[in-house]
1. With the checklist (1) within 13 Å of chain B (Cβ to nearest Cβ); (2) closer than 30 Å to A:Ser16 by Cα in hand, flag the one item A:Gln85 doesn't pass.
2. Identify, from the list B:Gly297, B:Gly254, B:Gly274, B:Gly220, the residue that is within 30 Å of B:His60 (Cα to Cα) and either of a type in the set (Gly, Ala, Ser) or not assigned by TED's automatic domain parsing to the domain that holds B:Gly178 (or both).
3. Checking the conditions here, which among B:Ile121, B:Ile134, B:Ile71 is within 19 Å of A:Gly65 (Cα to Cα), at pLDDT 95 or above and more than 10 Å from chain A (Cβ to nearest Cβ)?
4. Quickly run through the stretch A:11-38 and pick out the residues that are more than 9 Å from DNA strand C (Cβ to nearest atom) and in a helix (DSSP H, G or I).
5. Considering only the stretch B:227-242, state which residues are of a type in the set (A, V, I, L, M, F, W, C) and either surrounded by 15 or more Cβ atoms within 10 Å (Cβ to Cβ) or not assigned by TED's automatic domain parsing to the domain that holds B:Ala271 (or both).
6. Read through the list (1) aliphatic (A, V, I, L, M); (2) touching a Phe, Trp or Tyr at 6+ places or on another chain (Cβ under 9 Å); (3) within 11 Å of DNA strand C (Cβ to nearest atom), then give the number of the only condition that B:Ile71 fails.
7. Among A:Leu129, A:Leu113, A:Leu147, which is the only one that is hydrophobic (A, V, I, L, M, F, W, C), crowded, with 24+ Cβ neighbours inside 10 Å and within 11 Å of another protein chain (Cβ to nearest Cβ)?
8. Residues in the stretch A:81-123 that are among the polar types (S, T, N, Q) and under 26 Å from B:Tyr47 (Cα atoms): how many?
Number of protein chains: 2
Amino acid sequence: MHPVTMRDVAKKALVSVRTVSRVVNGQGEITQATRDRVTATIEALGYRPSKVARALVTQHSDTIGLVVSDIANPFFSEVARATQQAARAAGYDVFFFNSDSSWEEELRALHSLADHGVDGIIIAPSPGLTAERIRPFADRFHPIVTLVYPIAHSHISSVLAEIRKGARTAVEYLIGQGHNRIGMLAGPAANPLLHWRVQGYREALMGHGLEFRTDWLSGGPATFERGRASTCDLLAQHPQITALFAYNDLLALGAIRACKELGRRVPDDCAIIGFDDIPAADWVSPALTTVRVDKRGLGAQAMARILEMLHAPDQTFPPIFVPAELLRRESA
Amino acid sequence: MHPVTMRDVAKKALVSVRTVSRVVNGQGEITQATRDRVTATIEALGYRPSKVARALVTQHSDTIGLVVSDIANPFFSEVARATQQAARAAGYDVFFFNSDSSWEEELRALHSLADHGVDGIIIAPSPGLTAERIRPFADRFHPIVTLVYPIAHSHISSVLAEIRKGARTAVEYLIGQGHNRIGMLAGPAANPLLHWRVQGYREALMGHGLEFRTDWLSGGPATFERGRASTCDLLAQHPQITALFAYNDLLALGAIRACKELGRRVPDDCAIIGFDDIPAADWVSPALTTVRVDKRGLGAQAMARILEMLHAPDQTFPPIFVPAELLRRESA
DNA sequence: CTGAAAGCGCTTACAG
DNA sequence: CTGAAAGCGCTTACAG
């Protein structure tokens, strides 16, 4: 794997290991002559310094960890892409874990990452990863940045999306289009992410004198299939509904499909707005109007924050907010 | 980060470091009494062995590297998910890199991974990563497994998909449906992946006495937008075409959209078949008929192969083939 | 059954 | 400007 070591280079270049180390790290004063000789030897031998040996002594590995519930979820795969790119640009490589939304898995991943000596961790925690559950780990590890929702701990910082605002804007837009019977395809219960969306939905309704009816909300997992099923149910029970605001695009896409099956035209008979703006939102027809969350910003800011925290370990940082804005397409 | 070390445990448990190491690794004979004492101390102190220290001495890190062109591409994100899961199940953690289909980036990623001391690398190489370009690296690193297409080197093994067969089956199905003027939305040129699909397409045509016309193929990047544009062009120039076979689902989804805009009904006026079976294939309407590639199999088999190669470093392994089968939905 | 020593491949004070 | 020594946190022969 790494058959050629620093010692080999030193021997061949007739210098000490110390000197090779200095030219490799570009530090200290070295005669041009010996630097050239060492450089040439490194080149000739194809020497590459071992990051693991270096990590052992310097106590940093130039790696970070990323844990998401599911990398195959288009929302997270875009975030992951942005994170990896930002990390790479800063000289860091990234470990990644899927947690399947299990907080036990998340804790395991966190510990694994720490065992590998990563310099920081970015995690999109599941609702189950409460402050109490992560505390024992966070007390010993620093820094951690949380994606999309916050966990209270001095070693943890967050990059959040303007969810409530985005939700409110979306529903206000619907109201502005003349809709006054607006249902909501909600997501997994007991989830702050859902809570904020419901808040925004409710605020928009209240602000326009419209009633907030819990029987116009439908829950369940945030999948395409569920969106389709929930829409069928909701529209069967409350045929007067003319618009649907969804927890995410997967659900909204399912709603579009349901409307097609039900013979309801979108957006004429039923307007639909999603949340996230995944690529597929633009692949369906009618194209999905949605609340676009800046996923690249999420990943890039998370990495930037890790760097800041590394440089100021004792400082505590306020959350960063990334925009979530209405993106009009065809479904509403 | 890792404030408590093996030495701390040893001191507190009144044993030597050697003994702690033995209980941690469950090796050798130890009195139940001392084992219990050490275990209790480990627990009490919250000790976790440093993987980087261990990696330095054992020369293996229990990590692997994964490099794909773009993790946000739904095909690769599913493969990545399966790979990570299989790795985890085998006790390995994974580093991941995006290469943006640049072979220079791929080479950089490969070297970075080796510097980190990964035990193996799984890569979905871009067409630019030729055998000659990877050879200097592969000569020194082992094992490497290549996803979806092969590179000839004794340290490299591959897990491939039955592309040609899948393509042929798809086109034969179209012919069976009565189509005899079938165009193809091809992908990036100079790509073996494209070559195999074209072969399958051509074989099906020839086998049924149909003409293979290069002016019925359209090239370019494999994106939704391109699929839409290419379809518009192709159908404008050759309105007699009644069916389209696409290089991948993104292109096929673009084709469905184009048909909608052109007023061509799918599948009645124009049947469409994609390739890959990404989740969005089932979210559009009409749902996309496609050649399903076993992406989970790809990831799982790649990891399995890495393990085999690790256990038999001198052995050379034949490629593994993963199925690519027609999945009928609505678009054809 | 358990301990003291050497060493994995580097970097970091310390000398010279 | 450059070298010899110590040490990062483990594991691996070698003794006892």
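The values are calculated or read from the model by the stated rules, or taken from the named source; none is laboratory data. Everything numeric in this text was worked out from a predicted model, so none of it was measured. Positions of Cβ are generated from backbone atoms using ideal geometry, with glycine treated the same way; all protein chains shown enter the neighbour counts.
1. Condition (2) is where A:Gln85 drops out.
2. Details: B:Gly254 fails: within 30 Å of B:His60 (Cα to Cα); B:Gly274 fails: within 30 Å of B:His60 (Cα to Cα); B:Gly220 fails: within 30 Å of B:His60 (Cα to Cα).
Matching residue, one of B:Gly297, B:Gly254, B:Gly274, B:Gly220: B:Gly297.
3. On the way: B:Ile134 fails: within 19 Å of A:Gly65 (Cα to Cα); B:Ile71 fails: more than 10 Å from chain A (Cβ to nearest Cβ).
That would be B:Ile121, the only listed residue that is within 19 Å of A:Gly65 (Cα to Cα), at pLDDT 95 or above and more than 10 Å from chain A (Cβ to nearest Cβ).
4. Taking the stretch A:11-38 as the starting set, the residues that turn out to be more than 9 Å from DNA strand C (Cβ to nearest atom) are A:11-15, A:19, A:23, A:26, A:29-38.
A:Lys11, A:Lys12, A:Ala13, A:Thr19, A:Val23, A:Gln32, A:Ala33, A:Thr34, A:Arg35, A:Asp36, A:Arg37, A:Val38, listed by residue number.
5. Of the residues in the stretch B:227-242, the ones of a type in the set (A, V, I, L, M, F, W, C) are B:229, B:232, B:234-236, B:241.
Correct list: B:Ala229, B:Cys232, B:Leu234, B:Leu235, B:Ile241.
6. Against the list (1) aliphatic (A, V, I, L, M); (2) touching a Phe, Trp or Tyr at 6+ places or on another chain (Cβ under 9 Å); (3) within 11 Å of DNA strand C (Cβ to nearest atom), B:Ile71 comes up short only on (3).
7. Only one candidate qualifies: A:Leu113.
8. Our first condition is that a residue be among the polar types (S, T, N, Q); within the stretch A:81-123, this holds for A:83-85, A:98-99, A:101-102, A:112.
Narrowing further to those that are under 26 Å from B:Tyr47 (Cα atoms): A:98-99, A:102, A:112.
The number of residues fulfilling the criteria is 4.
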